[in-house]
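Q: Next up is a structure, given as structure tokens.
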Amino acid sequence: MAKALRRRQRAGGRAGNAERRGTAAIEQMPWAPPVNIDRPVEPLDEAGIAAIHDGAMRILEEIGIEFLNPEALEVLRGSGGCTIRGENVRMGRDFVMDMIAKAPREWTITPRNPARQLAIGGRNMVFGNVSSPPNYWDMALGRKVTGNREMCRNLLKLSQYFNCVHFIGGYPVEPQDIHASVRHLDVLYDKLTLTDKVAHAYCLGQERVEDVMEMVRIAAGLSDAEFEARPHMYTNINSTSPLKHDYPMLDGWMRVARRNQGLVVTPFTLAGAMAPVTMSGAVTLSLAEGLCAVVLAQIIRPGACCAIGTFTSNVDMKTGAPAFGTPEYMRATQMTGQMARFYGLPMRASGVCAANVPDGQAMWETSNSLWSAVQSGANMVYHAAGWLEGGLIASPEKFVMDCEILQHIQRYMDPTLTATGPEDIALEAVREVGCQSHYFGIQHTQDRYTTAFYQPFLSDWSNYEAWEAAGAAWTAQRAHQVFHDIIASFEPPPMEVAIHEELAAFVERRKAEGGAPTDF
């Protein structure tokens with residue numbers, strides 16, 4: 001099995017170019033963030049869109065959102081469009097729509113490697129790695145364990161290696177062997193040296209956000225003015241549902257807005273627990289929570305680059321456990337896509353599941369999640385590779401398995417599959433074969449056979465006997481071997497020596513200063 005998997009190919013270097021980086025583990029598709037050529041699935045009619053919009057506006061006008069941050073309250077108070085009582089903020093719909101209209105429909109994020117620039121919005125789709133699980137599982141361990149830095153670094157290496165992973169979310173697993181006060185410094189150092197893709201900052205207090213923005217600026221070799229001229233990184237905040245935004249996330253949100261970096265707001269609502277049990281009600285509440293954060297960003301910096309998503313699923317009403325990749329999750333994602341287009345904002349979705357190990361359940365739930373993102377017209381898809389147990393576990397085997405799905409999506413969106421030129425209709429080939437022969441040997445096939453169809457790096461298309469003779473390895477076992485082959489052959493992307501030294505010096509200085517304050 002291992003021998004069959006150790007095929008040679010270009011390494012996943014800068015933008016999938018032809019430069020070799022040692023022995024490659026698999027043959028993968030090139031760096032090519034897909035453009036969604038399909039019409040989105042739109043389950044809502046015009047009356048449905050109007051009803052959800054009216055519901056979200058009435059929440060903002062009549063009920064209000066709690067802003068648990070004094071500075072945010074002062075910013076909103078000074079806008080002239082809000083009614084504030086204590087921490088409760090109400091906004092008129094005309095004011096909300098005027099503010100949202102200032103946000104661009106499309107924008108870009110340029111990381112330290114400009115060839116990895118990402119377009120956010122329109123029909124563009126980009127996929128990110130799993131982010132923030134506290135725990136880790138792989139087949140060698142065979143059990144759930146607390147995440148550490150080595151595990152985090154290995155998942156970062158997978159994130160860099162796979163061309164179908166376009167941006168690096170938060171910590172792919174929480175390295176809990178590093179104290180929380182300096183964890184962000186070590187992980188961002190690893191992220192910026194092991195990868196050259198778009199990076200993320202957590203909104204968890206002033207120090208963490210400011211440190212990350214400075215490290216991204218240093219890694220890209222930019223002046224402050226160059227850094228603030230356009231987005232080079234992004235953050236994502238979640239509201240505290242129902243109807244609250246907490247202090248640290250708002251603090252980071254405002255800091256990132258002031259420096260003109262990417263802003264993504266994604267209420268995490270579970271219908272029946274943190275939101276109404278009906279999916280339309282849950283989406284409506286989520287939109288109200290998200291839109292008011294976009295308003296705050298536009299007051300601070302008109303034209304701030306924002307995206308919105310609703311991480312809306314449901315709970316198991318028998319146990320209270322969260323469920324993902326369900327029919328309800330898929331419909332909520334599609335409805336959110338319609339509403340994001342209504343508001344003229346790029347959309348974020350997620351690739352998620354509730355399964356505990358990389359088994360059949362994991363893959364059908366994740367496939368449902370990912371394809372609902374495609375159907376909804378989502379632009380940024382979080383947690384697209386490596387997520388298990390509702391976000392509590394990161395798994396390298398699941399990461400590798402998910403990347404096969406991401407490659408399916410990339411190939412599915414290849415416009416050559418639906419091309420209808422003369423060579424695609426292939427009448428001359430049909431005439432040549434007629435009804436007496438076959439298409440294997442004709443020149444039309446010979447000219448195209450190496451690129452005509454998707455070639456998997458993980459799926460096994462051999463028959464049972466051949467599979468059995470090769471070791472009878474199940475999918476997760478093959479993924480485990482691919483994971484180890486990638487780690488063994490991995491070489492980090494280049495970074496100028498002077499920049500590397502400046503980045504390392506910044507980390508050491510901030511560590512000496514204590515990093516971010518904690519209560520332990």
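Q: If you scan the range 313-359, which residues turn out to be out of contact with any strand residue (DSSP E or B) (no Cβ under 9 Å at 6 or more places or on another chain) and hydrophobic (A, V, I, L, M, F, W, C)?
A: Once the filter is applied, which keeps residues that are out of contact with any strand residue (DSSP E or B) (no Cβ under 9 Å at 6 or more places or on another chain) and hydrophobic (A, V, I, L, M, F, W, C), the range 313-359 yields Met317, Met330, Phe342.
Q: Regarding the range 181-194, can at least one residue be identified that is in a loop (DSSP other than H, G, I, E, B), of a type outside the set (Lys, Arg) and either in contact with a Leu (Cβ under 8 Å, 6 or more places away or on another chain) or more than 23 Å from Ala384 (Cβ to Cβ) (or both)?
A: Checked against the condition, which is being in a loop (DSSP other than H, G, I, E, B), of a type outside the set (Lys, Arg) and either in contact with a Leu (Cβ under 8 Å, 6 or more places away or on another chain) or more than 23 Å from Ala384 (Cβ to Cβ) (or both), the range 181-194 yields at least one hit.
Q: Taking Val381 as the residue in question, decide whether it is of a type in the set (Val, Ile, Thr), assigned to a loop (DSSP other than H, G, I, E, B) and crowded, with 21+ Cβ neighbours inside 10 Å.
A: It is false that Val381 is of a type in the set (Val, Ile, Thr), assigned to a loop (DSSP other than H, G, I, E, B) and crowded, with 21+ Cβ neighbours inside 10 Å.
Q: Taking the range 34-61 as the search range and keeping residues that are of a type in the set (D, E, K, R) and without any contact (Cβ under 8 Å) to a residue 40 or more places away in the chain, which one is surrounded by the most Cβ atoms within 10 Å (Cβ to Cβ)?
A: Step by step, filter the range 34-61, then rank; the result is Glu61.
Q: Of the conditions (1) within 19 Å of the chain's Cα centre (by Cα); (2) buried (at least 24 other Cβ atoms within 10 Å of the Cβ); (3) at pLDDT below 95, Phe268 clears all except one; give me its number.
A: Result: Phe268 passes all but (2).
Q: If we scan the range 147-170, do we find a residue that is assigned to a strand (DSSP E or B), under 19 Å from Ser350 (Cβ atoms) and at pLDDT 95 or above?
A: Yes, because at least one residue in the range 147-170 is assigned to a strand (DSSP E or B), under 19 Å from Ser350 (Cβ atoms) and at pLDDT 95 or above.
Q: Then there's this: Of all residues in the range 113-148 being buried (at least 16 other Cβ atoms within 10 Å of the Cβ) and touching a Lys or Arg at 6+ places or on another chain (Cβ under 6 Å), which is nearest to Val400 (Cα to Cα)?
A: Out of the qualifying residues, it is Trp137.
Q: Among the residues of the range 317-339, which ones are over 18 Å from the mean Cα position of the chain (by Cα) and of a type in the set (Ser, Thr, Tyr)?
A: Selection gives Thr319, Thr326.
Q: Now a separate question. It is to be established whether one or more residues within the range 481-500 are touching an Asp or Glu at 6+ places or on another chain (Cβ under 8 Å), of a type outside the set (Asp, Glu), modelled with pLDDT of 95 or more and under 17 Å from Phe399 (Cα atoms).
A: Within the range 481-500, one or more residues are touching an Asp or Glu at 6+ places or on another chain (Cβ under 8 Å), of a type outside the set (Asp, Glu), modelled with pLDDT of 95 or more and under 17 Å from Phe399 (Cα atoms).
Q: Among the residues of the range 120-161, count how many are closer than 18 Å to His408 by Cα and over 18 Å from the mean Cα position of the chain (by Cα).
A: 0
Q: What is the number of the single condition among (1) buried (at least 24 other Cβ atoms within 10 Å of the Cβ); (2) within 25 Å of His200 (Cα to Cα) that Leu250 does not meet?
A: Single failed check for Leu250: (1).
Q: From the set of residues in the range 206-223 that are surrounded by fewer than 19 Cβ atoms within 10 Å (Cβ to Cβ) and touching a residue at least 40 places away in the same chain (Cβ under 8 Å), which is farthest from Val264 (Cα to Cα)?
A: Residue satisfying both the conditions and the ranking: Gly221.
Q: Being surrounded by fewer than 18 Cβ atoms within 10 Å (Cβ to Cβ) and in a helix (DSSP H, G or I): is that true of Asp98 here?
A: Numbers: surrounded by fewer than 18 Cβ atoms within 10 Å (Cβ to Cβ): yes; in a helix (DSSP H, G or I): yes.
Criteria met by Asp98.
Q: Follow-up. Starting from the range 427-438, take each residue that is open to solvent by less than 100 Å² (accessible area, probe 1.4 Å) and list its partners that are assigned to a helix (DSSP H, G or I) and not small (Gly, Ala, Ser), counting only C-beta distances under 6 angstrom and pairs at least six apart or across chains.
A: Within 6 Å, the pairs are Ala429/His444.
Q: Here's something else I'd like to know. Considering the range 405-424 alone, what residues qualify as being part of a loop (DSSP other than H, G, I, E, B) and within 26 Å of the chain's Cα centre (by Cα)? Walk me through how you get there before you give the answer.
A: Looking only at the range 405-424, we keep the residues that are part of a loop (DSSP other than H, G, I, E, B), and these are 413-414, 419-421.
Listed by number, the residues that qualify are Met413, Asp414.
Q: Another question, if that's okay. Which residues, counting only those in the range 62-82, are part of a helix (DSSP H, G or I) and open to solvent by 60 Å² or more (accessible area, probe 1.4 Å)?
A: Of everything in the range 62-82, those that are part of a helix (DSSP H, G or I) and open to solvent by 60 Å² or more (accessible area, probe 1.4 Å) turn out to be Glu62, Ile63, Pro70, Glu71, Glu74, Arg77.
Q: Give me the pairs, please: first residue somewhere in the range 182-197 and aromatic (Phe, Trp, Tyr), second residue anywhere and modelled with pLDDT of 95 or more, beta-carbon distance under 6 Å, and either six or more positions apart or on two chains.
A: These pairs meet every condition: Tyr189/Val507.
Q: Looking at the range 337-352, can you tell me whether even one residue there is open to solvent by less than 10 Å² (accessible area, probe 1.4 Å), among the hydroxyl-bearing types (Ser, Thr, Tyr), within 17 Å of Asn129 (Cα to Cα) and touching a Gly at 6+ places or on another chain (Cβ under 7 Å)?
A: No: zero hits.
Q: Let me ask something else about it. Restricting to helices (runs of 4 or more DSSP H) lying wholly in the range 444-520: which have 3 or more residues that are surrounded by 11 or more Cβ atoms within 10 Å (Cβ to Cβ)?
A: Numbers: elements: 464-469, 475-489, 497-512.
Fully inside the range 444-520 and qualifying: 475-489, 497-512.
Q: Next up: Of (1) more than 25 Å from Asn154 (Cβ to Cβ); (2) surrounded by fewer than 20 Cβ atoms within 10 Å (Cβ to Cβ); (3) among the small types (Gly, Ala, Ser), Ser367 satisfies all except one. Which?
A: Evaluating Ser367 over (1) more than 25 Å from Asn154 (Cβ to Cβ); (2) surrounded by fewer than 20 Cβ atoms within 10 Å (Cβ to Cβ); (3) among the small types (Gly, Ala, Ser) leaves (1) as the failure.
The values are calculated or read from the model by the stated rules, or taken from the named source; none is laboratory data. As the structure is a computational prediction, the values presented were derived from the model and not from experiment. Neighbour counts run over all protein chains shown; Cβ positions are idealised from the backbone, glycine included. Keep in mind that these areas ignore ligands, DNA and RNA; they rest on the heavy atoms of the full protein, side chains included. Shrake-Rupley method; radii C 1.70, N 1.55, O 1.52, S 1.80 Å.
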